[in-house]
Amino acid sequence: MMKDLKILFLFALAVFSSCDLDEDPPFLDTSVYSDPEIVVSTLDGIYAALTTYNAQERRLFVINGYSGFFNTRKQGGNINNPNNKNLFSLKPRQNEADVAAMWAGLYTVISRANAAIANVPTYDASVASVDELLFNDVSAQAHFIRAWSYFSLVRLFGDVPLWTELPSSDNFMIGLSTAKEVYAQIIMDAEFAANNMNGATGSAYVQDHAAHMLLAKVYMTLATNPELVPESMSSDSNFWQKAYDHAIQVYGQYSLVSDYASLFTLETENSSESIFELQISQVASNSQMGRNYTPNNYKAAQSFGWFTVNADIYDDHAATYPGDSRLAGTYISEYTNNNPNNNFFGSLAKVYPSSSRANFTNSHPFLFKYAVKDVTHSNQYDDKNIVIYRYAELLLMLSEISNELQNGEQLAYVTEVLDRAGVNNTAYSGASQSDFRDQIMKEYRYELIGEGEDAHNNRRRGFDYFLNNIITPHNTNPNLNFNSLDLTLSTDPSQAMYLPLPLTEINTNELIN
């Protein structure tokens, strides 16, 4: 979606400001869905729900916190604050406030998508009018957003309530659907989106490539998790090929920007690399991404620096690719205090690796991607868009898929990403299938850390892979201090693999035990 869509969210948020699954959905009078302007406004309302604090700031806090890659200063600058002690150590509680808020945010998005799907008519594309093609595109995008939202939920929680219709007075709560059933719905929705998105709403909105990328992600997940395969697909085992068939449709439709660090600036919003990007407006969305995730006192206004990357994760990246241009765009460990209201204004702030690891607050580098880059920025809110899918990830997906298929294409795709980073591909050249697999799983981390996929990528190949490749190497790292500086990650799969359902859902839904 393009930047000129940002202001539309101000209207959309006003119209849809209190919609969730327990309330009347917007525009229940189906006659209004004959008006193209209202139909597009309905779509804007769905996207507006994705830009809310719960659906974005808190979603990213939870997903990153549950990845095993981060620690946080939120609620205290020590390893025993409530977040570090629980969620960030892979020991989540049922009463995690951020998890409950994220849950509510995503189900609000689903509710709005359900309203559009139930009411926006669709037509035979071969004989459809201009307006009818517009309706088809809006319905397809609503299906895509619903699929994306459920994919976000099922990966984190497993079995979840599967709402595909509007609630009513006699149908306002449902029980859990199995993860298999949720995946079946995701595939149906994403396939509908891929087949019916036609661009009629304009280039400002998501295109069918995003649906193909989502389907590729789903099939990659099913390829290594047979227990999640829908019953209707149980006899089909060639999921890597299905993933390839969808991913390859996106290949060549986008291009990498030349400067990796520019991806995380205002100036390079809606770039040639962006496949699915949320338009953020500080007027409409009140986004606090910059406030929450800009390093402390890096800019003139208040900032919290809630994400710092575990020191061993940084060390691994720097040791693997010492000359990687992604290092400067991803992490920051030294900067001038630019907050004039701070007693140390003008002084140099340093954390690891620019300083020794003397205490928790200087023992880990900040994640720099979501930071406001303008040091004079004096607002609590900011305008920086949030990229959900980008082309570099698609290239890494194709590399991983090709390695599994052994089709001979795997090295070419990852080399495109490495060339932009200014590093060579010797870690992959001549590697066995197994060694290539291990390296490409790390490559997702080097390229995409903090962008919303780490928690899933770390678990996608099962608990043993997560334990042996992320948890145990961290917990046994001789350079770490687990007494006061570093988190000890849980080795219990009942804690480390899925978040517990929020107490708010359990306590208000009589159909969930």
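If you plug each phi of region 211-220 into the Karplus form 6.51 cos²θ - 1.76 cosθ + 1.60 with θ = phi - 60°, what whole-Hz ³J(HN,Hα) values come out, in order, with x for Gly and Pro?
Ordered by residue, 3J(HN,Hα) equals 5, 5, 5, 4, 4, 4, 4, 4, 5, 4 Hz.
In region 405-513, which GluC sites (Glu not before Pro) fall in coil by DSSP and have 11 or fewer other Cβ atoms within 10 Å?
In loop regions of region 405-513 (DSSP not H, G, I, E or B), the sparsely surrounded GluC sites (Glu not before Pro) are GLU510.
Based only on other Cβ atoms within 10 Å, what is the fewest-to-most ordering of ARG420, ARG437, ARG445?
Arranged by neighbour count, lowest to highest, ARG420, ARG437, ARG445 become ARG437, ARG420, ARG445.
For a quick check: with amide H placed at 1.01 Å from N, whose amide H comes under 5 Å from THR336's, ignoring anything fewer than 5 positions away on the same chain?
Amide H to amide H, under 5 Å and 5 or more residues apart or across chains, THR336 pairs with ALA349.
Take the residue pairs LYS85/LYS217; LYS180/LYS217; LYS299/LYS384 and return only those whose Cα atoms are more than 21 Å apart.
LYS85/LYS217, as the Cα separations exceed 21 Å there.
May I ask you to evaluate 6.51 cos²θ - 1.76 cosθ + 1.60, the Karplus curve with θ = phi - 60°, for each residue of region 414-424 and list the ³J(HN,Hα) values in order in whole Hz, giving x for glycine and proline?
3J(HN,Hα) across region 414-424, in whole Hz: 5, 5, 4, 5, 5, 4, 5, 7, x, 10, 8.
Cα centroids of region 148-196 and region 235-276: how far apart, whole angstrom?
25 Å
Which value, in debye to the nearest 20, gives the size of the charge dipole of region 356-420 about its Cα centre, when Lys and Arg are +1 and Asp and Glu are -1 at the Cβ?
Once rounded to the nearest 20, the dipole reads 380 debye.
Rounded to whole Hz and in sequence order, give me ³J(HN,Hα) for region 361-367 from the Karplus expression 6.51 cos²θ - 1.76 cosθ + 1.60, θ = phi - 60°, writing x for Gly and Pro.
Using θ = phi - 60°, the values come out as 5, 10, 9, 8, x, 6, 6 Hz.
Using DSSP to define loop residues, name the chymotrypsin sites (Phe, Trp or Tyr not before Pro) in region 374-483 whose beta-carbon has at most 14 other beta-carbon atoms within 10 Å.
Passing sites in region 374-483 are PHE482.
Say the cut-off is 23 Å between C-alpha atoms; which of LYS369/LYS442; LYS373/LYS442; LYS350/LYS373 go over it?
From the list (LYS369/LYS442; LYS373/LYS442; LYS350/LYS373), the Cα-Cα distance tops 23 Å for LYS373/LYS442.
Rounded to two decimals, what is Rg over Rh for region 59-212 when you use alpha-carbon atoms and the Kirkwood radius?
Using Cα coordinates only, the ratio equals 1.07.
Collect residues whose amide H, placed 1.01 Å from N in the peptide plane, falls under 5 Å from the amide H of TYR331; neighbours closer than 5 in sequence don't count.
Distant-sequence amide H within range of TYR331: PHE368.
What is the Cα centroid distance between region 372-409 and region 447-513, reported in whole angstrom?
Cα centroid of region 372-409 versus Cα centroid of region 447-513: 22 Å apart.
How big is the shadow of the Cα convex hull of the chain, averaged over all directions, in nm²?
If I average the Cα hull's projected area over directions, I get 23.5 nm².
Please work out the ratio of the alpha-carbon Rg of region 217-297 to 2.2 N^0.38 Å and round it to two decimals.
Expressed relative to 2.2 N^0.38 Å, the Cα Rg reads 1.61.
Under a Cβ-only charge scheme (Lys and Arg +1, Asp and Glu -1), can you give me the dipole magnitude of the chain about the Cα centre, in debye to the nearest 20?
So the dipole magnitude of the chain works out to roughly 1920 debye.
No lab work stands behind these numbers, since they all come straight from the coordinates. What you see is a predicted model, and the numbers here were worked out from it, not measured in a lab. Ideal geometry is used to build each Cβ from the backbone, glycine not excepted, and the neighbour counts take in all protein chains shown.
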